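The values are calculated or read from the model by the stated rules, or taken from the named source; none is laboratory data. All values derive from a computational prediction rather than experimental measurement. Ideal geometry is used to build each Cβ from the backbone, glycine not excepted, and the neighbour counts take in all protein chains shown.
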Amino acid sequence: MEHTNKQSGPVVRPQVIATVRTMKAVVTLGNGGYDKLHYGDVPIPTLGPGEVLLQVLAAGVNNTEINTRLGWYSASVTTDTAGSATAQEATAENKADGGWNAATPFPLIQGTDCCGRVVAVASERDRHLIGARVLVRPCMRPDGFGSMTNIWMASDFDGAFAQFVKVPAGEVFVVRSDWSDAELGSMPCAYGTAENMLHRAGVREGEHVLITGASGGVGSAAVQLAKRRGARVTAIAGQSKMAQVSRIGADQVLERHDDLVACLGHESVDVVIDNVAGPAFGDLLKVLRRAGRYASSGAIGGPLVSLDMRPFYLKGLTLLGCTAWDEPVFANLIGYIERGELRPLVAKCFPLAQIVQAQQEFLEKSHVGKFVLIPPAPEA
């Protein structure tokens, strides 16, 4: 079965894969600065049992690719992402605990987001997928959803910053939508992460949700997804981006340096969705109501925070770490896309070869939404 879209990239036929042995890719050579990103030719992946090969049509840019390259997940790093980038440009060293699951397996093709088209399969039972445009669920639970063990595409194995990528067949989701490849490629990591936090926190209609970093990929996704659930959303963003965040659905937008307690009041918020952390963490707990829920899957403002245990235990708060995605999350996201319940927010597209420029502009944090890399079309 062939799925086509007028905005989609060209389809690569299986016979082409049989004759072409190399592909263009960005290989991250180790922890360090932009000099660790090498664009060139590498072998096309060879399929193992149960895997499918995708032609990558679009791949979003995320904090996690930068953090993984920098080794930011290491306990030795105490600064925010921008500070870590500066430090690593000066002194690069591979970190044994720098990845999501201990050491990152360098050399590695990064790229956590993938909109692709299935061009080859290892098993006859997956042949119906040939030609389908799909999104890849980047957070995988190899021991099943009864276990919290998780592996991530582009952190634990090669990802989508390439012309082709191989993934388990069970992790590809056919999507029927008139969105462009770039729009679809902006969705998996940011929107899946945001949906997972809202799902874990049990956000319900009518609740007041506070979302930090609301102009970023995950934050802007969380604004849309919380509004889709019928929540009242207060968002936090930089002054230059407040109007744009309001336009995507936030009921109230605060400037990131505002005094949260003065603006919102003690015990005024049901749920906090926070990927910033840093110095403002304590005030986030102050504005939570009794039995409020705090969910996080990141700390771009700084990983070390000051926690006053008294608001935590006296108000019966629940703190939720949200890395492993629950089973309904990605299927929910595909449904929202196909029913037109979300708006893609693509800030800018870059050719794959311009990954350094894309990551440099990403770290300037002057955009709203997502940057997306577009690989070159494979030669026949």
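A few points about this structure:
- Checked against the criterion of being assigned to a strand (DSSP E or B), of a type outside the set (Gly, Ala, Ser) and under 30 Å from Gln163 (Cβ atoms), the stretch 339-346 contains one or more residues that satisfy it.
- Selection status of Arg228, surrounded by 15 or more Cβ atoms within 10 Å (Cβ to Cβ) and over 22 Å from the mean Cα position of the chain (by Cα): no
- Positions within the stretch 243-275 being more than 20 Å from Leu345 (Cα to Cα) and of a type in the set (Val, Ile, Thr), in sequence order: Val261, Val269, Val271, Val272
- Cβ pairs under 8 Å, 6+ apart, first in the stretch 277-292 and modelled with pLDDT of 95 or more and part of a strand (DSSP E or B), second surrounded by 17 or more Cβ atoms within 10 Å (Cβ to Cβ) and among the acidic types (Asp, Glu): Leu288/Asp270; Arg289/Asp270; Gly292/Asp270
- Test: residue in the stretch 288-302 that is loosely packed, with under 15 Cβ neighbours inside 10 Å and farther than 28 Å from Thr64 by Cβ: yes
- Residues satisfying the stated conditions in the stretch 150-181, i.e. among the aromatic types (Phe, Trp, Tyr) and either buried (at least 22 other Cβ atoms within 10 Å of the Cβ) or over 19 Å from Val121 (Cβ atoms) (or both): Trp152, Phe161, Phe164, Trp179
- Qualifying residue in the stretch 359-369 (condition: at positive phi and not assigned by TED's automatic domain parsing to the domain that holds Phe145): no
Quick grid of which residues meet (1) within 20 Å of Asp270 (Cβ to Cβ); (2) of a type in the set (A, V, I, L, M):
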{"residue": "Ala299", "(1), (2)": "no, yes"}
{"residue": "Gly302", "(1), (2)": "no, no"}
{"residue": "Ser306", "(1), (2)": "no, no"}
{"residue": "Pro311", "(1), (2)": "yes, no"}
{"residue": "Lys315", "(1), (2)": "yes, no"}
{"residue": "Thr318", "(1), (2)": "yes, no"}
{"residue": "Cys322", "(1), (2)": "yes, no"}
{"residue": "Glu327", "(1), (2)": "no, no"}
{"residue": "Ala331", "(1), (2)": "no, yes"}
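- Lone qualifier among Met197, Met153, Met148 - being under 19 Å from the mean Cα position of the chain (by Cα) and assigned by TED's automatic domain parsing to the domain that holds Ile273: Met197
- Applying the condition of being under 18 Å from Cys189 (Cβ atoms) and among the charged types (D, E, K, R) to the stretch 138-178 and asking which residue is modelled with the lowest pLDDT yields Asp156.
- On inspection, Thr19 passes the criterion of being farther than 30 Å from Pro279 by Cα, of a type in the set (S, T, N, Q) and at pLDDT below 95.
- Among the residues of the stretch 321-377, just one is more than 18 Å from Gly185 (Cβ to Cβ), surrounded by 13 or more Cβ atoms within 10 Å (Cβ to Cβ) and among the hydroxyl-bearing types (Ser, Thr, Tyr), namely Thr323.
- Residue that is surrounded by the most Cβ atoms within 10 Å (Cβ to Cβ) [pool: residues in the stretch 45-75 that are more than 22 Å from Val372 (Cα to Cα) and among the β-branched types (Val, Ile, Thr)]: Val52
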